[in-house]
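Comments concern the structure below.
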Amino acid sequence: MRHIVSEKELHRLVRELARRTRHEIDKAEIAMDDFDGIAHKYDFKFAWQEMSLDKDGHYAKGVRIVTLNNRVMHLERRNFSFCHEFTHDRIDCDDALCEIIHEFTIDMSDEDMERLIERLCNIGAAELLIPSEDVRQVMLERGFSTTLISELCERFGASSIAVAFQMVNCASHDCYLVIAENQLVQPTAVHNQISLLNIKPINVPQEQLVIIYSGASSAARYSIKRNQALSNNHFLCGALHANEPVRGDARLPFASGNGWDVPCEALYFRGKVFAFFNRTQPMSNLQMPLF
Ligand SMILES: [Zn+2]
C-alpha cells in the first residue's frame, strides 16, 4: 500500500482549501448564502431541483453542476449542503489535492472511497461556515458539550450544523455525531407483515426521528449511515423538545443494528436533535487561565 499521507493530513489539506476559499469569498464581498454569486465567481453551474427528501443536493463531476433539493426548506441545511457540494467542486478543481486523494484511495473499494470523499466534503463545508480554530479554542476553554452549540452559533453567527460538525472534527477523543429531525416516514416492514394477516394496514406516514447527518472524530473507526429512522424507544427520542441536554447511555445507531451502548449527550436545538456519542472520555474542562 502506498499511502503517501494519512487521513488526518487529508482533513488538514481540505480544511486549508476551505479556509483559502472562504477568504476569497469574503474578499469578493459575497455572502455565504449567495449561491448564485459563489457559483459565478468559481465558474460552476448552480440549480435548484426537486429531489426525494433523503437527498440534500448533488454535484455532477466533469460538467461542474451543483444542484440543491428545493424540497429542503431548512436554511441551515441548505447552506450546509451547498457548502458540501461546493467543496466537491473545490477539491475537483485542485489537481494537486486530487492526486494526493487518488494515491490515498488507490487500494480502496468504491464504497470506502465515496465515504471518504463525503467525509472530506463535510469537513470542508464546516470550515467554510465556521473556522475550526475558533471552535477548538472554545472547546479548550469550556470542554466538549452540546451546550456549546448554541453559544458558538451566536458568537460566530454560524449554522448549528456547521458548529456541531466542527466540534466533532476538532474532538481529540473517539466520538460520533448524529443530527436527527422528526420526519414523516412511510410505514414499512411492520405494516407489510400485518397486511399478510389480512388486517388492513394503516398507510399513514408516522413521525419518526431520522438521522439527517452523521459525523465522526478522527479517532473513530466506523461511520453511521444517514437517512435511517431511529426506533421510537431510542435514547435520542427523549431529547426531543427538551429544553436542556439529556445525558445517559445510548445505543450507537449503526445501520447493522450492532451498535453498543456508550455515554451520550443529546440536545434539542433549532428543531433538531444534536447528539454526541462518546466512545472515550471527552477532554476535561481545561479552564484556560483568564489572566
Ligand atoms: Zn457529497
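Express the carbon and sulfur contribution to the solvent-accessible surface of segment 1-135 as a percent, rounded to the nearest whole number, probe 1.4 angstrom. Answer for segment 1-135 is 50 percent, counting heavy atoms of protein chains only.
How much mean residue ellipticity at 222 nm does the chain get from its helices, if each DSSP H run of length 4 or more adds -39500 (n - 2.57) and you divide by all residues, to the nearest 500 deg cm²/dmol?
Numbers: 9 runs with 118 residues, N = 291.
Result for the chain: -13000 deg cm²/dmol, rounded to the nearest 500.
In the distance distribution for segment 173-278, Cα-Cα pairs more than 23 Å apart total 31 percent. Look at the dipole of the chain built from charges on Cβ: of Pro187, Gln228, Met32, the Cα furthest out on the positive end belongs to Pro187. Between His40 and Ser231, the contour length at 0.36 nm per residue exceeds the Cα-Cα span by 64.4 nm. Placing unit charges on C-beta atoms (Lys and Arg positive, Asp and Glu negative, everything else neutral), compute the dipole magnitude of segment 7-129 about its Cα centre in debye, rounded to 20. The calculation lands at about 420 debye. Considering segment 108-263 at the alpha-carbon level, its Rg and Dmax are found to be 17.9, 61 Å. Solvent exposure of the chain, expressed per residue, is 52 Å² of accessible area, with all protein chains present and a 1.4 angstrom probe.
Taking only the C-alpha atoms, wrap a convex hull around segment 25-142 and report its volume per residue in Å³ as a whole number. Write out the running numbers ahead of the final one.
Values: hull volume 17.5 nm³, N = 118.
In segment 25-142, the Cα hull volume divided by residue count equals 148 Å³.
Let me know the longest stretch in the chain that avoids all GluC sites (Glu not before Pro) found in a DSSP loop with at most 11 other C-beta atoms within 10 Å. That would be 51-291.
Taking the square roots of five times each eigenvalue of the Cα gyration tensor of segment 16-90, the equivalent ellipsoid has semi-axes of 20, 14, 11 Å, listed largest first.
In the structure displayed, which of Lys8/Lys225; Lys27/Lys61; Lys41/Lys272; Lys41/Lys61 lie more than 29 Å apart, Cα to Cα?
Values: Lys8/Lys225 21 Å; Lys27/Lys61 27 Å; Lys41/Lys272 33 Å; Lys41/Lys61 18 Å.
Exceeds cut-off: Lys41/Lys272.
Largest first, the three principal axis extents of the alpha carbons in the chain are 62, 53, 43 Å in whole numbers.
The values are calculated or read from the model by the stated rules, or taken from the named source; none is laboratory data. Keep in mind the model is a prediction, meaning the values are calculated, not measured. All Cβ positions, even for glycine, are placed from backbone atoms using ideal geometry, and neighbour counts span all protein chains on display. Each accessible area value is taken on the protein alone, full model and side chains, heavy atoms only, with ligands, DNA and RNA left out. Shrake-Rupley method; radii C 1.70, N 1.55, O 1.52, S 1.80 Å.
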